[in-house]
1. How much FRET efficiency would the formula 1/(1 + (r/R0)^6) give for residue 85 and residue 64, where r is the Cβ-Cβ distance and R0 is 25 Å, rounded to 0.05?
2. For a footprinting-style exposure proxy, rank 43, 84 by other Cβ within 10 Å, fewest first.
3. Fewest first, what order do 77, 25 take by the number of other Cβ atoms within 10 Å?
4. What is the Cα radius of gyration of the range 25-83 over 2.2 N^0.38 Å, N being its residue count?
5. Could you give the length gained on full extension between residue 29 and residue 52, defined as 0.36 nm per residue of separation minus the Cα-Cα distance, in nm?
6. Stretched out fully, how many nm does the piece from residue 73 to residue 15 gain, at 0.36 nm a residue minus the Cα gap?
7. Just want the ordering: 7, 29, from fewest to most Cβ atoms lying within 10 Å of their own Cβ.
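What follows is calculated from the coordinates using simple rules that are stated; it is not laboratory data. Values in this document were obtained by computation on a predicted structure and should not be read as measured data. Cβ placement follows ideal geometry from the backbone for every residue including glycine, while neighbour counts extend to all protein chains displayed.
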Amino acid sequence: MSTPRSVDLMYAQIHRPSASTSKSSKDTVDFLERSRSDDDRTWLVEKWRPRVTEIQERSLMQLVEDFGIDVYRTGESIPTEQYWL
């Protein structure tokens, strides 16, 4: 019997709220309870964007870059391609 890959285990849990959902907004909890489509996950990734200005995002990303972290880029919500699974 083969052992499931870590990625498979992550995907199996993708629609289950974490134990920290008490810290999530009602919109997020409702979304997790009703959403079953992989396409819907974009909202979870992008929901922070309206609350952050371009200047704030650039400032944060400059700080991240100063620490040598190259996973994310300004204006992008997903990791750079080299980190895709």
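1. Efficiency computed from Cβ-Cβ geometry: 0.75.
2. 84, 43
3. Ascending number of Cβ neighbours within 10 Å: 25, 77.
4. Compared with the compact-globule rule of thumb, the range 25-83 sits at 1.35.
5. Full extension of this stretch gives 6.1 nm more.
6. Extra length available between residue 73 and residue 15 comes to 18.2 nm.
7. Arranged by neighbour count, lowest to highest, 7, 29 become 7, 29.
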